[in-house]
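The next block holds one structure in the form of structure tokens; read it before the comments.
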Amino acid sequence: MGNGIVKYLKKLIRCFLDIIYYSEQECVVCGKKLFEELYLCSTCREKIVSCEESMKIKICNKETRIYSALYYSSAVKKIVLGLKYKNDFRCGDVLADYMMKTIKNEKIYFDMVTYVPLSKENEKKRGYNQSKYLAKCIGDKFNKKVIGCIRKSKDTKDQIGLNGKERWKNLKDSFSFIKGRNIKNKKILLVDDVITTGATTYYCVLELLKNNSNEIIVLTAAKSKI
């Protein structure tokens with residue numbers, strides 16, 4: 001009851017703020033003034049292509065299906081980087097909206113939501129974890145609990161600029177399960193912003209399956225290729 005009221009008030013406040021600042025909104029991609037649209041102008045929206053394919057990977061003798069909401073085009077890249085490095089949570093709302101559409105279209109069912117962690121240093125420097133933000137948007141929408149299940153237990157180089165083999169080597173043994181989290185027999189949605197080689201996804205899914213999760217479904221905002 002209490003949680004329902006809080007969610008309703010949050011939604012009410014957001015709608016109120018949208019109305020107040022509606023005429024001052026700019027497209028998160030091109031900066032064009034918006035009057036009828038929200039966050040994206042019609043031109044930039046047309047440049048965004050939904051990803052309608054999914055893939056499977058096998059870990060611990062279990063199949064994990066990976067979905068992405070969008071292809072990593074130049075427009076989507078700008079939105080991802082806006083959330084990731086510029087504290088622009090409007091970009092996060094745009095990505096979360098597309099991710100929620102994927103969940104509905106693909107009829108994805110899950111018991112709880114978790115997310116790919118950042119190192120303590122990076123999260124402190126940035127002030128937030130972009131994947132956690134997306135996970136919370138999804139959790140609120142579908143009334144599912146969001147739980148941090150994995151920690152970044154080893155500092156790694158930034159993945160930008162590394163090739164496929166280097167990314168896998170860089171991330172090996174860098175994630176660990178947080179003790180005390182009860183995920184036994186749960187169907188978990190693992191959320192991240194972008195998937196490239198799949199190394200981050202693999203190591204995070206491995207930790208969840210090793211700790212008795214029943215099934216992992218991965219959902220990223222975008223799908224990229226090196």
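For the reader, a short list of remarks on this structure follows.
- Residues being among the charged types (D, E, K, R) and in a helix (DSSP H, G or I) - total across the range 193-226: 2
- Selection count, the range 113-144, where residues are more than 19 Å from residue 50 (Cβ to Cβ) and touching a Gly at 6+ places or on another chain (Cβ under 8 Å): 7
- Filter result (touching a Ser or Thr at 6+ places or on another chain (Cβ under 7 Å) and either of a type in the set (Lys, Arg) or surrounded by 13 or more Cβ atoms within 10 Å (Cβ to Cβ) (or both)) within the range 33-47: 47
- On inspection, residue 60 qualifies as of a type in the set (A, V, I, L, M, F, W, C), at positive phi and touching a helix residue (DSSP H, G or I) at 6+ places or on another chain (Cβ under 9 Å).
- Beta carbons closer than 6 Å, at least 6 apart along the sequence or on distinct chains, pair a first residue in the range 41-57 that is over 28 Å from residue 215 (Cβ atoms) with a second that is of a type in the set (Gly, Ala, Ser) for 44/75; 47/75; 48/75.
- Residue within the range 76-88 that is of a type in the set (D, E, K, R), surrounded by fewer than 16 Cβ atoms within 10 Å (Cβ to Cβ), under 18 Å from residue 53 (Cα atoms) and assigned by TED's automatic domain parsing to the domain that holds residue 206 present: no
- Matching residues in the range 159-188 - criterion: being modelled with pLDDT under 85 and either part of a loop (DSSP other than H, G, I, E, B) or closer than 17 Å to residue 115 by Cα (or both): 159, 160, 161, 162, 163, 171, 172, 173
- Residue match in the range 63-73 (condition: surrounded by fewer than 20 Cβ atoms within 10 Å (Cβ to Cβ) and within 16 Å of residue 189 (Cβ to Cβ)): yes
The values are calculated or read from the model by the stated rules, or taken from the named source; none is laboratory data. Computed from a prediction, not measured in an experiment: that's the story for all the values here. Ideal geometry is used to build each Cβ from the backbone, glycine not excepted, and the neighbour counts take in all protein chains shown.
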